[in-house]
Every structure is written in structure tokens, then in C-alpha cells.
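Everything on this sheet refers to the single structure shown next.
Bear in mind these aren't lab numbers, they're just calculated from the coordinates by the rules spelled out. Please read all numbers here as calculations on a predicted model, not as lab measurements. Heads up, the Cβs are rebuilt from the backbone with ideal geometry, glycines too, and the neighbour counts pull from every protein chain shown.
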Amino acid sequence: MLSTRFFEISLILYVAATLTYIFYLFLNKENLGKFATRIIVSTFLCHTVGIVLRWKESYDLGFGHIPLTSLFEAIILFSWLVVLIYIGVEYIYKYKVLGAFVIPLSIIALVYSTFLSDEIKPIIPQLQSYWLYAHAITCFLGYAAFTIAFTISIISLFKIRVEKKEGKEEESFLSRLPNVKELDLVNYKVIAFGFSFWTIGMFSGAYWSYYLYGTYWDWSSKDTGMLLTWLIYATFLHLRLNYGWVGTRSAIISIIGFSFSLILFFAVNLIITGVHAIF
């Protein structure tokens, strides 16, 4: 399919963008940073074209549904949203060096998608609803934001460990990363963003469930996992805002929350069937 070719091109360009970000991180050449941003924005547009074409191809086959109804499409959308949120973070905070750590996550997702079938199939009747947009897309925005927050948390813990062991780091690539306080702030902002959409996804999913089955909550493995993930990030926000938990403690909670969301996305999808089998 033509859309798949665009995804393959995007994968190659994401690798090029990552390498450019890495060179920028180590060489600290401003022109490299600007070039990396141009590459990532151009690649994001290429990725977007692929998603639009995928949508059109579903209409050409007579199905006409949003490209989010198979694991292949879910992975493609997830990787696209990770880049979208990253571009927003880079634009707001000007931390280009984070691209060297965040963009590889989209690369991993796209590489994984190459092992999946790209066949477009009709969706089951339960998914033929506009609630699919409200529920699934908001949940995936949450997934993507939590993934970026996880990356920032890992960087934060690494910097904290180095600073405790060696004191203030010497002039090196570490010194070109944001300081721990700045990383912690970005981590908080990204989690707050993802948590907002995760909450919308939960409530829209509950309403959709009531519309379909007459119950807001059925305590399925997916529903329970989503609630546990929500509680972890709610705890993160509560402890930060009310008790001043920052640094190592907040980073650890962020990592735990991401671990739950990762299990929710992959492990559960491999063992359950039904409307949640692909998201």
C-alpha cells in the first residue's frame, strides 16, 4: 500500500533526525540543532501524509474508518503522536537535545510495525461510532505523553546519580542536557497533559460502554489496567502539588506509571479479544 511506503520513508528519516540530534548533543553546534528540527518536522509531515493516505485507502476499500482499528494502525498512530508531542515540547522549552532520546521511541514503534500485517479490514459493529474518536485518540495521546515523560524521568535519574557521584558535571554532553529542576518541570507538564487526555479517554470509554452494554464499567482487564494507570499518575500529581515531591521520587513514580501503561498496551492486547483487542 502507498501509505505503508510513506511509513517506511518516515522510519528512515526518523533515524536521520535521531543521528542529527545525537551529533548536536555531543558537538553542541547550533546549526545541527536547527537542521535536526527541520528534519523532524519534515518527517512528521511525511508520517501525517501516510496516515491520511491510510484513511483514504480504507474508504477506497469501502470501509471508511479512522486508521486506528488494528495493532499496525495503533502503533503507527502512537509513534506519530509521540513525535507530535515532542515537537510541541521542543517548541515551548527549546530543549532540542531531548530529541536524541525521544525520537528513538518512535523508531522502535515503527520498526515493530514492520513485523505486523498492514491489511485494512472492516471494523466490528461496536467500533462503528464517533465515540471511537473521543475514546481511542485521547487514550493514545495519554500513552504518547507518558512515554515521553518516562524518557525524561530516565534522563533525570541518570543526571541525579552522576551529580551525586561526581558533583557538578564537567563540560560534556551531560552539561548540555537541561538541569534536573528543568527536566522535572517538563516531566510534570507532560504528565499533566497526558493525564488530562487519559481522564477524558476513561470517561468517554465509560459512556461508550454504557451506550453499548448498559454499564459504565465491567472491570475487564483493560478497564482495570486503565484505572490503575490513572491512579498512579493521579498520585504523582497529588504528591507533587501538595507535598512537593520532585526529583528522584517523582521520576520513579513516572517510570512506574509508564510501566503499567506499557503492560496495558502490549501485554493485555496479546491475551484479550473484543472491542479492546487493538487498543
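Details
- Cβ-Cβ distance of PHE23 and PHE266, R₀ of 22 Å, FRET efficiency by 1/(1 + (r/R0)^6): the value works out to about 0.10.
- Hydrodynamic radius of the chain by the Kirkwood approach over all distinct alpha-carbon pairs: 19.7 Å.
- Rh by Kirkwood over Cα pairs, then Stokes-Einstein D for region 60-148 at 1.306 mPa s and 10 °C, µm²/s: 111
- A Gaussian network model of the chain, with springs between Cα atoms under 10 Å, assigns the largest mean-square fluctuation among LEU98, LEU183, LEU262 to LEU262.
- Relative to the dominant Cα principal axis of the chain, helix 180-213 is inclined by about 10°.
- For region 186-210 versus region 56-94, the spacing of their alpha-carbon centroids is 17 Å.
- Hydrodynamic radius (Kirkwood) for region 124-279, which is based on Cα pairs only, to one decimal in Å: 16.8
- Semi-axes of the equivalent ellipsoid for region 1-123, Cα gyration tensor, largest first, Å: 30, 12, 11
- Spin-label model, GLU163/SER117: points 7 Å from Cα along the beta carbon direction are separated by 5.1 nm.
- Cross-link pairs beyond the 19 Å C-alpha cut-off, checked among LYS29/LYS181; LYS34/LYS96; LYS56/LYS222; LYS34/LYS94: LYS29/LYS181; LYS56/LYS222
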